[in-house]
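Single-structure report; data block below.
The values are calculated or read from the model by the stated rules, or taken from the named source; none is laboratory data. Everything numeric in this text was worked out from a predicted model, so none of it was measured. We place every Cβ from the backbone using ideal geometry, glycine too, and count neighbours over all the protein chains shown. The area values use the complete protein model at the heavy-atom level, side chains included, leaving out ligands, DNA and RNA. Shrake-Rupley method; radii C 1.70, N 1.55, O 1.52, S 1.80 Å.
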Amino acid sequence: MKIDLLIDGRPHAVDTEELASADIREVEPGVYSVLLNGRSFEVKMEPAAEGYYAGVNGRRYAIQVRDPRRRSARNSLQVSGRQKIASPMPGKVLRLLVRPGDQVAAGQGLLVVEAMKMQNEIRSPKSGRVVSIFVSEGAAVSGGETLAEVE
């Protein structure tokens with residue numbers, strides 16, 4: 001499977017099979033040791049308003065993940081009504097960042113899912129109230145599984 005990324009505004013396709021062959025270990029929160037094709041990298045990840053910043057070899061890159069399954073929702077002018085938030089890929093729930101009843105802003109983190117040795121913050125598509133959280137910390141989730149609901 002390929003993942004479409006924008007790295008510093010330029011499109012790149014990344015093959016997830018190549019990532020699966022990488023040895024990626026979190027050495028401290030937000031800092032990863034990556035061994036890929038015999039080369040070693042230290043990658044410092046930090047969340048950004050629209051994606052992430054990755055620091056590699058003294059250079060900082062702005063990264064956005066483009067999921068074609070979500071393109072229509074992102075291109076709409078306004079997300080309205082009750083929204084079900086699904087896991088973009090199989091993984092494990094590491095942290096719940098909100099509880100049912102909490103008010104959230106559009107783009108605010110709801111929970112963190114670890115997939116392919118990377119932590120992915122799952123964010124709210126709209127401002128509103130968290131209606132339900134369908135998973136617990138430590139739970140294994142499937143791609144497309146509903147994690148939470150926001151209205």
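Solvent-accessible area per residue for the chain at a 1.4 Å probe radius, Å²?
Values: 9390 Å² over 151 residues.
Accessible area per residue: 62 Å².
Between residue 27 and residue 132, the FRET efficiency estimated from the beta carbon spacing at R0 = 41 angstrom works out to 0.70.
Per DSSP H run of n ≥ 4, the term is -39500 (n - 2.57); total these for the chain, divide by its residue number, and report the mean residue ellipticity at 222 nm rounded to 500 deg cm²/dmol.
Working: 2 runs with 10 residues, N = 151.
Taken over the chain, the calculation gives -1500 deg cm²/dmol.
Taking all protein chains in place and a 1.4 Å probe, what share, in percent, of the accessible surface of the chain do carbon and sulfur account for?
Values: 4680 of 9390 Å².
Here it works out to 50 percent.
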